[in-house]
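Enquirer: Submitted below is the structure of interest, expressed as structure tokens.
Please treat every number below as a calculation from the coordinates, not as lab data. Since the model is a prediction, treat every value here as computed from it, not as a measurement. Cβ coordinates were reconstructed from backbone atoms using ideal geometry, including for glycine residues, and neighbour counts include every protein chain displayed.
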Amino acid sequence: MSRPGTSGGSADVIVVGAGPAGSATAAWCAAAGLDVLLLERAEFPRDKVCGDGLTPRAVGELERLGVVLPRAVRNAGLRLVADGRAHDLRWPDVPGFPSSGLALARAELDEALARHAERAGATLLERTHVVGPELDARSGRVVGVVARGADERGRAVGDPVTYGAPVVVAADGVSSRFAVALGLERREDRPIGVAVRTYAQPPATSPWGAAGDGAERWMESHVELWEGAPRTSAPLSGYGWLFPLADGTVNVGLGAVHSTPARQSAADADHRRTLDRWVAGLPGELGLGAEHRVAPVRGAALPMGLNRSPLATRGALLVGDAAGMVSPFNGEGIGFGLQAGRIAGDVVAKALAAPSAVERERLLTGYDARVRAELGGFYTLGRYFTRLIEQPALQRFAVRYGLPRRAVMDVVLRLFSDCYDPHGGDWVDRAVAAAARLVPSA
């Protein structure tokens, strides 16, 4: 393998993008004995707009991968704040999933995963901008990538270099230029979200400032937003979160979801301004106001519900945000991205060991069906969920009369935690599993 500016090289598999899904894919492929090239446009550590929360599904995938995160903050569950009340919901006890979540800034998480992939045997090239696929002139099949160097802002510089591989995994994020170059455009019938976030450093006198002295941690989500006191002030669109981190800062963010990109465009919301209005209305003693910010407000799109199809074509696979793997229920995509990386690693290893090219292609294209079999029904339920919460009156009714009921909260917790037992468990697991089987796959 050669670095940009030389004649290029080859590998068994090239992974484009070293976010959680890409690094997980690279690590699983390397662990299977494959020669892996992991290409990342930025240089670590690098920031990524995110709530920084990891659900039990994500934690379970990290444990399978063997990744240790000593600076991650462990939390007991969700604190849902609505209608002026807080509901503490411990993560469910589901077979196959840990009963805790984590919080870690993406600048640290993403680098830890990329370094883990390196230790597993992958070759990581940072500041490498993949500008498109390399295609076989006769078949149109992907046979590698064309890359250039990248400057400090991620812009392509220098001469193009071609890297060859029989399989390429696109993990290049929400816009996924690699997927677009293959004709895999974003579907317009899938949910789309947006997130804006900043970091605040609350004073020691704040309840958040004292959160590190042995107190139990929670991932706090505000499912109703108000400009001031609940019910008596103006309602705001979206949902908010407050996630404490190990360095004493708090990830303060706001998200919104729409059932289609067209509806998102029609809403034309100023989410940064909404975040400011919501935070300004929080009690001052929390110490989370603008005067306590230690980072600018940044925003990003959240591609949801498997918004590209197919997920495997002509020797290329899509994972993570490139495939639209964010959950419509909670806006979290790390756990599903890590899971997709594990599936992709298994599929690629088996495909490259196949005795014939025909069998190899059959196994590679089977990645799409396998992902949809495991996750498609859940994403479809999420699409239905987004259509419901787009109705403000229905959302307020559900919050006011549904959340105080334990049975409703148990179902909400399964959906928001991204984990349920598809093969048994309690009545909630069976209900969610049955619904996911009955609805069409995403």
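Enquirer: Taking every DSSP beta bridge with both residues inside the chain, roughly what % is antiparallel (nearest 5)?
Expert: Working: 53 of 74 bridges.
Taking every DSSP beta bridge with both residues in the chain, the antiparallel ones total about 70 percent.
Enquirer: State, to one decimal in nm, how far the label point of Glu285 lies from the label point of Arg405, with both points 7 Å from Cα in the Cβ direction.
Expert: Placing both labels 7 Å along Cα→Cβ, they lie 3.5 nm apart.
Enquirer: Identify, among Leu403, Thr25, Thr205, the residue whose Cα sits farthest towards the positive end of the charge dipole of the chain, taking +1 on the Cβ of Lys and Arg and -1 on the Cβ of Asp and Glu, with the dipole about the Cα centre.
Expert: Result: Leu403, furthest along the dipole toward the positive end.
Enquirer: Out of the trypsin sites (Lys or Arg not before Pro) in the range 356-442, which ones are loop residues according to DSSP with at most 16 other C-beta atoms within 10 Å? Present the calculation step by step, with values, prior to reporting the outcome.
Expert: Working: sites: Arg360, Arg362, Arg370, Arg372, Arg383, Arg387, Arg396, Arg400, Arg405, Arg406, Arg414, Arg430, Arg437; in loops: Arg405.
For trypsin sites (Lys or Arg not before Pro) across the range 356-442 that sit outside H, G, I, E and B with at most 16 neighbouring Cβ atoms in 10 Å, the list reads Arg405.
Enquirer: Return the long-range amide H neighbours of Leu236 (sequence gap of 5 or more, or a different chain), with a cut-off of under 5 Å between placed amide H atoms.
Expert: Amide H to amide H, under 5 Å and 5 or more residues apart or across chains, Leu236 pairs with Leu225, Trp226, Glu227.
Enquirer: Mean residue ellipticity at 222 nm from the helices of the chain, using -39,500 (n - 2.57) per DSSP H segment of n ≥ 4 over the full residue count, to the nearest 500 deg cm²/dmol? Walk me through the numbers on the way to the answer.
Expert: Numbers: 12 runs with 141 residues, N = 442.
Per the formula, -10000 deg cm²/dmol.
Enquirer: Mean Kyte-Doolittle of at least 0.5 and a Cα length of 30 Å or more along the axis: which whole DSSP H helices of the chain meet both? Walk me through the intermediate numbers first.
Expert: Details: long enough: none.
Long hydrophobic helices here: none detected.
Enquirer: About the Cα centre of the range 192-303, how large is the charge dipole given +1 on each Lys and Arg Cβ and -1 on each Asp and Glu Cβ? Please answer in debye to the nearest 20. Don't skip to the end; give the middle numbers.
Expert: Values: 9 positive and 11 negative charges, 73 e Å.
Result for the range 192-303 is approximately 340 debye, rounded to the nearest 20.
Enquirer: With unit charges on the beta carbon (Lys/Arg positive, Asp/Glu negative), name the residue among Gly248, His222, Leu275 whose Cα is farthest towards the positive pole of the charge dipole of the range 192-303.
Expert: Selected residue: Leu275.
Enquirer: How big is the dipole moment of the chain about its Cα centre under a simple scheme where the beta carbon of each Lys and Arg is +1, that of each Asp and Glu is -1, and everything else is neutral? Debye, nearest 20, please.
Expert: Details: 50 positive and 49 negative charges, 161 e Å.
For this selection, approximately 780 debye.
Enquirer: Among 21-31, 128-138, how do they line up by average Cβ neighbours within 10 Å per residue, starting with the highest? Walk me through the numbers on the way to the answer.
Expert: On the way: 21-31: 30.1, 128-138: 17.0.
Ranked from most to least packed, the peptides come out as 21-31, 128-138.
Enquirer: For the range 229-282, what is the charge dipole size about the Cα centre, in debye to the nearest 20, if Lys and Arg each add +1 at the Cβ and Asp and Glu each add -1 at the Cβ? Don't jump to the answer; show the numbers that get you there.
Expert: Values: 5 positive and 4 negative charges, 38 e Å.
Dipole of the range 229-282, to the nearest 20 debye: 180 debye.
Enquirer: Going through the range 160-221, which GluC sites (Glu not before Pro) have at most 14 other Cβ atoms within 10 Å and a DSSP loop state? If you can, show how the numbers build up before the last one.
Expert: Working: sites: Glu185, Glu188, Glu216, Glu220; in loops: Glu185, Glu188, Glu216.
Those that pass, being in a loop and sparsely packed, are Glu185, Glu188, Glu216.
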